[in-house]
1. Ordered by packing density, taken as the mean number of other Cβ atoms within 10 Å over each peptide's residues, highest first, how do 86-95, 165-174, 13-22 rank?
2. What percent does the relative contact order of region 7-53 come to when contacts are Cα pairs within less than 8 Å and at least six residues apart?
Amino acid sequence: KRSALDRNLHIRKYDATDQTPGGWPPTGYVVSDGFSLQIDTRMIPDGAGGAVLAWRDVTSSIAKITMQHVAPDGSIPTGTDDGALLCCAVPGLRDRISLIPSLERSAFVVWQDTRADGGDIYAQRIVWDAPVSVAWSVSHTEAQPGRVLVRWYATEGGSEALIQRSLPGEDWREVGRA
């Protein structure tokens, strides 16, 4: 749901009397911000009281396919960038989006894609409540007197890691950068 003044993509919940249930804001929760044109939204139930949405996210000449799982309380799972899971962002046009329920905690988003010709059919399966991919992965740890040695693998070069530490009963604090 969106208005002419609000370019954000919202999800709203209604009860059997067409009223917003307690705990939900009248305008719903933002699923994706309005920095681009978000059109052709599709939605299916997730089988556990939540929903799965997919839409075309159009910026200049690229029509990205974006998908998101929303929990029954309207929250967005942690680990997603700006509330969206990018399914396709290569140059070209996308059209005719469909969402198909799959096995437990997953769905397929299917679309027509003109990246190579007049329109092939592409599909991607998205699993929610699954491990979230990370840019840094721990490859070795070793406890030494007064310190812990941690080695990690970075999936992309040129990144910086923030190193934090927390002692019992204390908040996390920065101890360095690598």
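1. Averaged packing, sorted descending, gives the order 86-95, 13-22, 165-174.
2. Values: 53 pairs, mean separation 16.9, N = 47.
Once normalised by length, the contact order is 36 percent.
Any read-out appearing in this document is the output of simple, stated calculations on the displayed coordinates, not a laboratory observation. The structure presented is a predicted model; accordingly, all values stated were derived computationally and were not measured. Every residue, glycine as well, gets a Cβ built from its backbone with ideal geometry; the counts of neighbours run over all protein chains shown.
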